[in-house]
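Report on the structure given below.
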Amino acid sequence: MTGRTLALTARPYARRTLLALLAAGFILSFPGLALDASLFTLENLLIISPVILIGVGLTAGITASGSMGLIAAAFQGRDLRMIGLASLIGALTPVCGISVLPLVAGLLIARVPLAPIMAFWLSSPITSPSMLAITAGTLGWDFAVIKTLAALGIGLFGGLVTWGLTAAGALGSPTKDGGTLARIAGTACSGATASRVQWRFWHERERRAVFADTAYSTARLMLPWLTLAFVAEFFLKLYLPQELVIDWVGRDNAWAVPLSAIVGAPIYLDGYAALPLIRGLIEAGMRPDAAMAFLIAGGITSAWAAIPVFALVRLPVFALYIGLAVASSILAGWVSGLFLL
């Protein structure tokens with residue numbers, strides 16, 4: 001093992017050690033405040049624990065059953081049919097971000113039209129079974145369901161805009177060189193879960209292992225972020241001036257939704273971490289439609305979602321992706337306001 005490899009391996013441990021030391025220092029310096037923040041965090045984790053279990057179970061079950069292998073079938077047929085199915089699958093399945101790089105690279109190599117791929121790219125980062133459950137537990141079922149429907153609508157909107165542009169002759173040669181696509185597509189995973197769908201996955205040992213691994217990795221992703229987010233929410237409620245929130249994104253500001261989308265796109269936190277923070281902002285006076293715009297814009301433009309797009313397509317297509325993300329999040333915020341305000 002080289003010195004460079006050792007250094008890279010040691011970095012996560014060094015960060016964890018630093019965080020642990022900072023936390024210990026804060027607890028020793030402010031024991032009362034640390035206790036209040038801990039109790040607040042534990043209480044909220046217990047409250048949403050049922051939906052955490054549901055979300056983790058759904059995500060792991062979909063993965064273990066191999067049903068994600070049906071995604072490629074949605075990209076066959078007429079353009080409008082593909083746009084609709086790609087938007088629906090993106091909004092309802094737990095696949096998004098870097099995990100779809102091989103799949104999308106293969107579709108681009110197969111010359112699948114850009115419009116349904118754009119629809120899938122835009123809808124998939126917004127929600128998933130686990131995100132739906134956590135959103136419901138944090139912000140309520142109305143907000144969670146509207147966010148899921150918004151994901152579907154945004155996929156349709158982005159796909160249709162892209163379809164219109166390509167039909168008019170724009171966005172010629174949208175992808176990067178074929179060698180790059182082939183290398184990425186070549187990393188696609190194989191195995192039992194990719195070859196066929198088995199809804200009763202618990203009958204097969206390999207699929208049970210996939211279920212357990214996926215459940216563990218999903219919970220491992222969600223719980224640390226949620227813990228940090230609830231701690232941040234505690235201090236947000238304690239120190240954030242309510243007047244500032246009301247002035248910028250409150251009910252009396254006509255620009256609250258566009259402002260939230262524009263601000264949310266570049267500074268977005270992890271989706272699970274953002275939810276408790278947004279709840280704190282809503283309780284401080286933030287409009288629900290502005291909160292919706294913030295969450296959606298940030299989800300689509302986060303590094304996890306945007307890096308795969310940047311890796312596969314040329315700059316004009318990536319710019320279109322970012323523009324559609326911000327524009328559609330503003331529209332989603334305005335439409336959601338009809339039901340949430």
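The values are calculated or read from the model by the stated rules, or taken from the named source; none is laboratory data. Keep in mind the model is a prediction, meaning the values are calculated, not measured. Note: ideal-geometry Cβ built from the backbone for every residue, glycine included; neighbour counts use all protein chains shown.
Entry remark, the range 94-111: residues being crowded, with 19+ Cβ neighbours inside 10 Å, modelled with pLDDT of 75 or more and part of a loop (DSSP other than H, G, I, E, B) number 0 in total. Taking helices (runs of 4 or more DSSP H) as the structural unit, those lying wholly within the range 208-324 and holding at least 2 residues that are modelled with pLDDT of 75 or more correspond to 256-267, 271-284, 288-301, 303-312.
Determine whether G164 is surrounded by fewer than 18 Cβ atoms within 10 Å (Cβ to Cβ), over 24 Å from A219 (Cβ atoms) and at pLDDT 90 or above. When the stated conditions are applied, G164 passes them.
If the condition is being in contact with an Asp or Glu (Cβ under 8 Å, 6 or more places away or on another chain) and surrounded by fewer than 18 Cβ atoms within 10 Å (Cβ to Cβ), then the range 305-334 contributes only W334.
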